[in-house]
Amino acid sequence: MNKRQLICIGCPLGCQMEAEQNEGGEVVSVKGNTCPRGDAYARKELTCPTRIVTSTVRVEGGARHMVPVKTKEDVPKEKIFDCMEEIRRLAVTAPVAVGDVLLADVAGTGVALVATGNVAAG
Amino acid sequence: MKRYDIVIIGAGPAGLAAAVAAFDDGARSILVLERDREAGGILNQCIHNGFGLHTFKEELTGPEYADRFVRQAGERGIECRLNTMVMDIGAEPGAAPDAHPMKYVTAMSREDGLYQVAARAVILAMGCRERPRGALNIPGYRPAGIYSAGTAQRLVNMEGYLPGKKVVILGSGDIGLIMARRMTLEGAKVQVVAELMPYSGGLKRNIVQCLDDYGIPLKLSHTVVDIQGKERVEGVTIARVDENRRPVAGTEETYECDTLLLSVGLIPENELSAGLGVELSPVTSGPVVNESLETNVEGVFACGNVLHVHDLVDFVSEEAALAGKNAVAYVRRLEAAEGGAGQAARDEAEGGAGQAARDEAEGGAGQAARDEAEGGSDSVEDAVKSADNESAVVEISPRSGVRYTVPSHIRMSHMQEEQVVRFRVGDVYKNCFIRAYLNGRQIVSRKRPVMAPGEMEQLKLKKGQLLEYMEPGTDSYCLEIKVEEK
Ligand SMILES: Cc1cc2nc3c(=O)[nH]c(=O)nc-3n(C[C@H](O)[C@H](O)[C@H](O)COP(=O)(O)OP(=O)(O)OC[C@H]3O[C@@H](n4cnc5c(N)ncnc54)[C@H](O)[C@@H]3O)c2cc1C
Ligand code: SF4
């Protein structure tokens, strides 16, 4: 058995939780949560933690140099730096608008990279 | 000079939400002035997600949240002048103070130079700025490489420039936490985040997702005691502090770094307000406002970070929408008084010396109020209710644990069915109660599992609840709001 400490981020209460994982990595118990959201969070966080990655991408020929971007959905946590690597290498041409797909599949995650800001040509 | 019903200073989320709400409430003569080259305020540099969970029920990034409001304003055709810095707001020269004077707004832009517009109502939505680095009380050199966290955020996210490679952050407010992650993702090494207080000023979610995710240590009850390097920062020494926040000798640790970020808090930007004679709270540095978010200067409203520093933009939008609606109601009241076409309006136009003004001073029960009742539907109710405790004013007094409240007083004549009171507590409290006492009698009690200075609290008051505890003949009430253990 493997004991893991976590803080739930579901609400400002921030419950301190302790979860037990068996050899196979399966979560067998969660303690310390005040509501079911904590339990669900702990199981997801220990088995397949995911995050939205936000960053910026260089823009050519625009009124600004950078456009903010995000992964359209969560990506596995261990892929964050792979995503960043691709994002850093990317450059796009103005104009760019909120929602534009800049990469169809970031770092083999199957998730698209979309613009979250507008940059006019300029 | 161009005249507007409502002029809004600042096109951040607060200014935009106020404009949209005012428009939707029927106002058509609205002008928004913004000094930046684009609308959206501070959100344009907050590229991380976590915005809008309350308002749009989805998790947006800052620029996306801003974009929604920019669009809403655009769809309504609201006039927004960018690259326009407001220099001064003053009362119409020579107007009698009781004549509802117009406000003169002086602005400057490269295209139009210096000019003035006149407004019946002004909404202050200038946001806040970071506390200056003077907060860092360390003798010696000021080498390059010391930035406020917000400046670093602007450099990285807007200019695409990474200010350093090895970083120490002082202060665990949200901007500091967000920048710890941002600089890590951009390839910098964040050595440590030091926080003077025994608790973090930031949201828990940010501690988990910005520090823990990347193994960045957070040292509570620590501060910077020395900075090495003459031209450029070469290292930073931090030490533990005692209960009186004084460094404890022998606990020093030195971190090699080329950059020190300061995330030591935000302060409302109120130079303009002060110039206009708006009373400011020494606790929030923002205007003192009544239930309508109106300052002591009639027809001048405030919302968003210029009023008090918010951590969630959703509440900024909510508060700003209320300010927008109240500004419209104010303009309507003036119009009704003037447009009554009778003696009241003429008297008022002559300087408020006539019957209308006197009636109004007596509590809105005279001709002016009747005229008003005929002019606007919501004021009918106002005039009818004036019999009971309508003239009462409730001063809100923050007590034990509660640092301030917005609003600071409630005029019963203008109170809505429900009034939201927002406040912050001064310490971390667990399993406590927030209670409100009206002239000593408890009227509300709410259990709170946890409260922290970093998260704004709110209490909803019902008008009926207050009236129930009021006595005929008493006009001034004190509503104490406090934190209690049991
Ligand atoms: C770094 C940072 C991170 C944040 N992270 C989050 C988060 O994760 N989630 C969340 O919900 N909230 C977050 N917030 C809070 C939220 O962004 C703010 O509460 C919100 O932007 C405040 O809106 P505002 O309109 O009051 O102020 P601002 O956004 O500051 O807008 C004020 C506007 O007024 C303009 N202005 C000022 N003075 C003048 C003048 N004299 N003339 C003309 N224009 C003027 C400014 O240029 C600016 O555009 C964060 C805030 C900061 C600073
Ligand atoms: S477990 Fe429930 S109550 Fe506790 S922090 Fe998570 S969401 Fe909040």
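The values are calculated or read from the model by the stated rules, or taken from the named source; none is laboratory data. In this text, all values refer to a predicted model and were calculated from it rather than measured experimentally. Using ideal geometry, Cβ is built from the backbone for each residue, glycine included, and neighbour counts are taken over all protein chains shown. Just the protein is used for accessible areas: all its heavy atoms, side chains included, with ligands, DNA and RNA removed. Shrake-Rupley method; radii C 1.70, N 1.55, O 1.52, S 1.80 Å.
Could you tell me whether the range A:11-19 includes any residue that is without any contact (Cβ under 8 Å) to a residue 24 or more places away in the chain, open to solvent by less than 30 Å² (accessible area, probe 1.4 Å) and either away from ligand 2 (no atom under 16 Å from the Cβ) or touching a Ser or Thr at 6+ places or on another chain (Cβ under 6 Å) (or both)? Even if it seems obvious, please write down each step before you answer.
Going residue by residue through the range A:11-19, those that are without any contact (Cβ under 8 Å) to a residue 24 or more places away in the chain are A:12-16, A:18.
Checking the rest, the ones that are also open to solvent by less than 30 Å² (accessible area, probe 1.4 Å) come to A:14-15.
So of that shortlist, the ones also either away from ligand 2 (no atom under 16 Å from the Cβ) or touching a Ser or Thr at 6+ places or on another chain (Cβ under 6 Å) (or both) come out as A:15.
Yes: the range A:11-19 contains one or more residues that are without any contact (Cβ under 8 Å) to a residue 24 or more places away in the chain, open to solvent by less than 30 Å² (accessible area, probe 1.4 Å) and either away from ligand 2 (no atom under 16 Å from the Cβ) or touching a Ser or Thr at 6+ places or on another chain (Cβ under 6 Å) (or both).
Residues of the range B:29-59 being more than 7 Å from ligand 1 (Cβ to nearest atom), charged (D, E, K, R) and either in contact (Cβ under 8 Å) with a residue 12 or more places away in the chain or not assigned by TED's automatic domain parsing to the domain that holds B:Ile78 (or both), which ones?
Passing the criteria: B:Arg37, B:Glu38.
Suppose we keep only residues that are at negative phi and surrounded by 15 or more Cβ atoms within 10 Å (Cβ to Cβ) within the range A:20-33. Which one would you say is nearest to the other protein chains (Cβ to nearest Cβ)? Reasoning before the result, please.
So in the range A:20-33, the residues at negative phi come out as A:20-24, A:26-31, A:33.
Right, trim to surrounded by 15 or more Cβ atoms within 10 Å (Cβ to Cβ) and you get A:20-21, A:27, A:30, A:33.
Working: A:Glu20: 20, A:Gln21: 18, A:Val27: 18, A:Val30: 16, A:Asn33: 13 Å.
Only one residue tops the list, namely A:Asn33.
Got a sec? Which of A:Gly99, A:Gly117, A:Gly108 is within 13 Å of chain B (Cβ to nearest Cβ) and exposed (fewer than 14 other Cβ atoms within 10 Å of the Cβ)?
Details: A:Gly117 fails: exposed (fewer than 14 other Cβ atoms within 10 Å of the Cβ); A:Gly108 fails: within 13 Å of chain B (Cβ to nearest Cβ).
When all the criteria are applied, what remains is A:Gly99.
Please enumerate the residues belonging to the range B:394-414 that are open to solvent by less than 60 Å² (accessible area, probe 1.4 Å) and over 19 Å from B:Ala302 (Cβ atoms).
Residues satisfying the conditions are B:Val394, B:Ser397, B:Gly401, B:Val402, B:Met412, B:Ser413.
Looking only at residues in the range B:461-486 that are closer than 24 Å to B:Glu319 by Cβ and open to solvent by less than 20 Å² (accessible area, probe 1.4 Å), which one is nearest to the other protein chains (Cβ to nearest Cβ)?
B:Val483
Does the range B:189-221 hold any residues that are at pLDDT 95 or above, within 13 Å of B:Ala149 (Cβ to Cβ) and within 14 Å of another protein chain (Cβ to nearest Cβ), and which are they?
Across the range B:189-221, the qualifying residue is only B:Cys210.
Yes/no matrix, rows are residues, columns are (1) open to solvent by 40 Å² or more (accessible area, probe 1.4 Å); (2) not charged (D, E, K, R):
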| site | (1), (2) |
| --- | --- |
| B:Arg129 | yes, no |
| B:Ala152 | no, yes |
| B:Asp174 | no, no |
| B:Arg182 | no, no |
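Would you call B:Gly26 over 20 Å from the mean Cα position of the chain (by Cα) and small (Gly, Ala, Ser)? So that I can check it myself, show each step before the final result.
On the way: over 20 Å from the mean Cα position of the chain (by Cα): yes; small (Gly, Ala, Ser): yes.
When the stated conditions are applied, B:Gly26 passes them.
Tell me which residues, restricted to the range B:287-311, are of a type outside the set (A, V, I, L, M), near ligand 1 (Cβ under 10 Å from one of its atoms), in contact with a strand residue (DSSP E or B) (Cβ under 9 Å, 6 or more places away or on another chain) and in a loop (DSSP other than H, G, I, E, B).
We begin by selecting, within the range B:287-311, every residue of a type outside the set (A, V, I, L, M); these are B:287, B:290-292, B:294-296, B:298-299, B:301, B:303-305, B:308, B:310-311.
From the residues that got through so far, the ones that are near ligand 1 (Cβ under 10 Å from one of its atoms) too are B:303-305, B:308, B:310-311.
In the following step, the residues that additionally are in contact with a strand residue (DSSP E or B) (Cβ under 9 Å, 6 or more places away or on another chain) were identified as B:303-305, B:308, B:310.
Those that are of a type outside the set (A, V, I, L, M), near ligand 1 (Cβ under 10 Å from one of its atoms), in contact with a strand residue (DSSP E or B) (Cβ under 9 Å, 6 or more places away or on another chain) and in a loop (DSSP other than H, G, I, E, B): B:Cys303, B:His308, B:His310.
Would it be correct to say that B:Asp36 is open to solvent by 20 Å² or more (accessible area, probe 1.4 Å), charged (D, E, K, R) and either under 21 Å from the mean Cα position of the chain (by Cα) or within 16 Å of ligand 2 (Cβ to nearest atom) (or both)? Write out each step before concluding.
Values: open to solvent by 20 Å² or more (accessible area, probe 1.4 Å): yes; charged (D, E, K, R): yes; either under 21 Å from the mean Cα position of the chain (by Cα) or within 16 Å of ligand 2 (Cβ to nearest atom) (or both): yes.
Spelling it out, B:Asp36 is indeed open to solvent by 20 Å² or more (accessible area, probe 1.4 Å), charged (D, E, K, R) and either under 21 Å from the mean Cα position of the chain (by Cα) or within 16 Å of ligand 2 (Cβ to nearest atom) (or both).
I'd like the full set of residues that are among the small types (Gly, Ala, Ser) and surrounded by 15 or more Cβ atoms within 10 Å (Cβ to Cβ), limited to the range A:42-61.
Of all residues in the range A:42-61, those among the small types (Gly, Ala, Ser) come to A:42, A:55, A:61.
Result: A:Ala42, A:Ser55.
Looking only at the range B:243-268, which residues are touching a residue at least 12 places away in the same chain (Cβ under 8 Å) and farther than 30 Å from B:Gly41 by Cα?
Of the residues in the range B:243-268, the ones touching a residue at least 12 places away in the same chain (Cβ under 8 Å) are B:245, B:247, B:251-268.
If the condition is that a residue be touching a residue at least 12 places away in the same chain (Cβ under 8 Å) and farther than 30 Å from B:Gly41 by Cα, then B:Arg245, B:Pro247, B:Thr251, B:Glu252, B:Glu253, B:Thr254, B:Tyr255, B:Glu256, B:Cys257 are the ones that fit.
Among (1) in the same structural domain as B:Ala180 (by TED's automatic domain parsing); (2) modelled with pLDDT under 95; (3) open to solvent by less than 10 Å² (accessible area, probe 1.4 Å), where does B:Asp314 come up short?
(1)
Any idea which of (1) closer than 23 Å to B:Arg37 by Cα; (2) more than 12 Å from every other protein chain (Cβ to nearest Cβ) is the one A:Gly62 doesn't satisfy?
(2)
Sort out for me the strands (runs of 3 or more DSSP E) sitting completely within the range B:41-105 that have 3 or more residues that are on the phi > 0 side of the Ramachandran plot, open to solvent by 20 Å² or more (accessible area, probe 1.4 Å) and within 16 Å of ligand 2 (Cβ to nearest atom).
Values: elements: B:49-51, B:79-81, B:84-91.
Strands (runs of 3 or more DSSP E) meeting the threshold: none at all.
Of the conditions (1) within 12 Å of ligand 1 (Cβ to nearest atom); (2) surrounded by 14 or more Cβ atoms within 10 Å (Cβ to Cβ); (3) without any contact (Cβ under 8 Å) to a residue 60 or more places away in the chain; (4) among the charged types (D, E, K, R), B:Glu271 clears all except one; give me its number.
The single condition B:Glu271 does not satisfy is (2).
Taking the stated definitions as given, is B:Lys204 crowded, with 17+ Cβ neighbours inside 10 Å, among the charged types (D, E, K, R) and more than 16 Å from ligand 1 (Cβ to nearest atom)?
For B:Lys204, the condition - crowded, with 17+ Cβ neighbours inside 10 Å, among the charged types (D, E, K, R) and more than 16 Å from ligand 1 (Cβ to nearest atom) - is not met.
When B:Thr184 is evaluated against the numbered criteria (1) polar (S, T, N, Q); (2) more than 14 Å from every other protein chain (Cβ to nearest Cβ); (3) touching a helix residue (DSSP H, G or I) at 6+ places or on another chain (Cβ under 7 Å), which criterion, by number, is the only one it fails?
Checking B:Thr184 against (1) polar (S, T, N, Q); (2) more than 14 Å from every other protein chain (Cβ to nearest Cβ); (3) touching a helix residue (DSSP H, G or I) at 6+ places or on another chain (Cβ under 7 Å), the one that fails is (2).
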